[in-house]
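The values are calculated or read from the model by the stated rules, or taken from the named source; none is laboratory data. Remember, it's a predicted structure, so these values are computed and weren't measured experimentally. Cβ: placed from backbone, ideal geometry, glycine included. Neighbour counts: every protein chain shown. Only protein heavy atoms, including side chains, enter the accessible area calculation; ligands, DNA and RNA are left aside. Shrake-Rupley method; radii C 1.70, N 1.55, O 1.52, S 1.80 Å.
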Amino acid sequence: MVRFTYPAEKFDEDNLDKSIILTLVKKHEGMVGRLMKNKKYYDGHHAIEQKKREDEAAPNSKVVCNHAKEIADTVTGYFMGHPVTYSNTGRRDIEPLLKAFDDANVDDVDADNALDMSIYGAGYEYVYVKEGEAVPTSKNISPLSTFIIVDDTIEENELCGVYYYKRKNSVENSDTYVATVSTSNYTYVLNITDSGADASMPVTELPERHFFGEPQIIEYLNNKEAIGDFEQQIPLIDAYNTLMSDRINDKEQFIDAVLVLYGALMGDDEEEVSEAQKQLRKEKLLELPENARAEYLLRQMDESGAEVLRKALKEDIYNLSHVPNFMDENFAGNISGVAMEYKLLGMEMLTKVKERNYRKGLRKRIRLYCNYLKLMAVKMEAGSIMPAFSRALPKNLMELSQIVTNLQNNVSDKTLLKLLPFVEDPDYEIKEVEKHKAEEVKRQQALFSVGANTPPEFGEDEEEEDTALSGTDQKPEGVATSQQKEEKEPEKDRKEKDKQAVSGRE
């Protein structure tokens with residue numbers, strides 16, 4: 001991968017030089033041919049379309065088997081099929097940042113960036129503020145006209161990002177490049193005329209302050225060399241297209257085979273031969289004299305050998321690109337999650353590299369958004385916000401549920417919920433579970449009357465009725481009522497008094 005460098009001691013964002021920007025733009029423009037070739041192959045415009053035959057009358061089928069698009073779409077879907085999620089290890093709330101991401105539709109931007117990475121080997125994103133609005137947003141921009149300028153130190157620190165396009169000036173018969181240059185604090189929109197002069201051209205356009213704290217253009221590399229996922233398999237794809245086209249041509253030539261007559265003529269002159277040929281095509285009948293014969297002149301086709309070669313080419317395309325052939329009859333089946341991981345090991349290693357490079361770009365995106373949200377008194381710790389990726393594969397929910405059950409009390413609930421593909425927000429699920437448990441406790445308490453056990457209150461009429469009913473109730477023998485006890489106590493006292501009186505007279 002070619003890096004666009006600028007001497008660190010000469011770079012001044014307050015005093016840019018158009019001639020240096022023009023030199024770097026033209027250098028990038030010279031590398032666009034490779035990127036455009038990748039895009040053509042993804043769109044289905046392969047080299048087989050330019051194939052010509054010396055014999056114009058011979059069949060010339062041009063079959064395009066677009067393995068390039070299949071590889072790019074498969075890897076992109078596996079890598080970015082599920083949106084990126086974010087967790088926070090700091091103390092500050094990240095809801096304002098997540099809301100800003102939702103308003104900017106960063107999920108769509110991530111999908112576009114991932115597809116560009118697969119096709120071109122790199123993807124670019126522009127973070128800016130729309131005119132008349134006060135919230136940041138993101139936009140995927142084409143790698144065909146975008147690059148990053150770094151300094152010449154070993155750290156390769158980013159100095160600025162450039163996004164350009166060419167505008168034709170028919171009056172002066174010259175090209176004008178309109179370049180948007182974003183430095184750490186300013187955004188320039190430069191009109192640079194390609195006059196061929198090497199003299200320095202000072203910037204006359206006024207810059208605009210953007211308050212993001214870093215260059216607004218983010219670079220996402222597919223790998224260290226910025227190579228597309230199918231770029232190195234293009235010769236194999238061309239060979240596969242050629243083989244399939246030749247097989248179709250052979251079939252067409254077999255149908256248009258030459259009829260050879262032995263010991264007979266179809267006519268004495270060209271007119272009779274032409275008329276005989278017309279009758280033969282119409283009647284499908286040929287009458288020959290004795291000892292004469294007719295046969296088609298055919299070229300023998302080795303179908304079995306061609307099929308072996310086709311399978312070998314197709315297998316090499318998938319193997320060397322580390323993408324499994326999902327249409328292969330040996331791939332499918334009811335297999336365990338571990339066996340599936342072994343089959344996808346090559347693509348998983350490829351995706352790990354993508355994930356590592358994409359995480360660097362996401363950290364810069366988070367910093368840009370956090371820097372701008374500070375202007376609205378929303379402070380967050382950008383370093384504590386961690387992006388998380390998940391693979392777009394069928395999940396064995398029964399197996400995952402067993403894993404979650406076995407890890408309970410050993411791993412936090414939030415970590416366990418992250419294992420489940422249908423849970424998007426673990427924090428929300430934890431709050432909902434706690435809320436459901438509290439409601440269940442209240443329901444149980446109400447059902448079993450758990451709490452203070454107070455007697456019911458009675459009115460005066462109910463008390464009189466209870467008294468009347470208690471007087472008429474019959475008690476068992478040997479059991480005295482409270483009124484009977486009170487009547488027996490005075491009678492006992494009288495007997496005691498009588499005994500005391502008798503003893504006194506004596």
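Given H placed on each backbone N at 1.01 Å, which residues far from residue 392 in sequence or on other chains put an amide H within less than 5 Å of it? When sequence neighbours closer than 5 places are left aside, the close amide H contacts are 81, 82. For region 78-159, a simple Cβ point-charge model (Lys and Arg +1, Asp and Glu -1, everything else neutral) yields a dipole of about 260 debye relative to the Cα centre. Ranking of 95, 440 by solvent-accessible surface, largest first: 95, 440 (1.4 Å probe, protein heavy atoms only, all chains present). Residues 313, 98, sorted by accessible area with the largest first, give 98, 313 [1.4 Å probe; ligands and nucleic acids excluded].
Positive contributions from Lys and Arg (+1) and negative ones from Asp and Glu (-1), summed over other residues with Cβ under 15 Å from the Cβ of residue 276, come out at -4.
If R0 equals 51 Å, the separation of the Cβ atoms of residue 398 and residue 251 corresponds to a calculated FRET efficiency of about 0.55. Assuming R0 = 30 Å, can you tell me the calculated FRET efficiency for the pair residue 316 and residue 144, based on Cβ-Cβ distance, to the nearest 0.05? It comes out at approximately 0.55. Our Cα-only numbers for region 67-168 put the radius of gyration and Dmax at 16.5, 54 Å.
Annotation: amide H of residue 147 within the under-5 Å range of 162, sequence separation 5 or more or interchain, hydrogens built in the peptide plane.
Measuring nothing but how far apart in sequence close Cα pairs (under 8 Å, 6+ apart) lie, relative to its length, region 69-140 scores a relative contact order of 31 percent.
Each residue of region 401-408 is assigned a 3J(HN,Hα), and the resulting list reads 5, 5, 5, 4, 5, 5, 8, 4 Hz, derived from the Karplus form 6.51 cos²θ - 1.76 cosθ + 1.60 (θ = phi - 60°), x at Gly and Pro.
For region 205-358, the calculated P(r), taken from all Cα-Cα distances in 5 Å bins from zero up to the bin holding the longest distance, is 1, 6, 9, 10, 9, 8, 8, 7, 6, 6, 6, 5, 5, 5, 3, 2, 1, 1, 1, 0 percent. When a 1.4 Å probe is rolled over the protein heavy atoms, the share of accessible surface on region 59-159 that falls to carbon and sulfur comes to 47 percent.
Potential lengthening of the chain between residue 405 and residue 63 amounts to 117.8 nm, from the contour at 0.36 nm per residue minus the alpha-carbon distance. Under 5 Å from the amide H of residue 228 lie the amide H atoms of 121, each residue being 5 or more positions distant or on a separate chain, with H modelled from the backbone and absent for Pro and chain starts.
Phi-derived couplings, Karplus 6.51 cos²θ - 1.76 cosθ + 1.60 at θ = phi - 60°, listed residue by residue for region 31-44: 9, 6, x, 5, 5, 5, 5, 4, 5, 5, 5, 5, 7, x Hz, with x used for Gly and Pro.
Distance cut-off 29 Å, Cα to Cα: go down the list 52/278; 62/282; 314/343 and report the pairs above it. Pairs exceeding 29 Å: 52/278; 62/282. Using the Cβ of residue 124 as centre and a radius below 11 Å, the other residues enclosed give a net charge of -3, where K and R count +1 and D and E count -1.
Taking the Cα centre of region 22-131 as origin and assigning +1 to Lys and Arg Cβ atoms and -1 to Asp and Glu Cβ atoms, the resulting dipole is close to 580 debye.
Accessible surface of region 231-379, 1.4 Å probe: 53 percent of it comes from carbon and sulfur atoms. Residue 9 contributes an accessible area of around 140 Å² to the protein surface, as traced by a 1.4 Å probe with all chains present.
Placing dummy labels 7 Å off each Cα toward the beta-carbon, the span from residue 419 to residue 301 is 5.5 nm.
When peptides 354-365, 41-52 are sorted by average Cβ neighbour count within 10 Å, with the highest value leading, the order is 354-365, 41-52. Taking Lys and Arg as +1 and Asp and Glu as -1, the other residues whose beta-carbon sits under 12 Å from that of residue 431 total -3.
The length gained on full extension between residue 429 and residue 107, counted as 0.36 nm times the residue separation minus their Cα-Cα distance, comes to 113.7 nm.
The 1.4 Å probe gives accessible areas that order 349, 31, largest first, as 349, 31. Taking all protein chains together and rolling a 1.4 Å probe, residue 322 ends up with roughly 90 Å² accessible.
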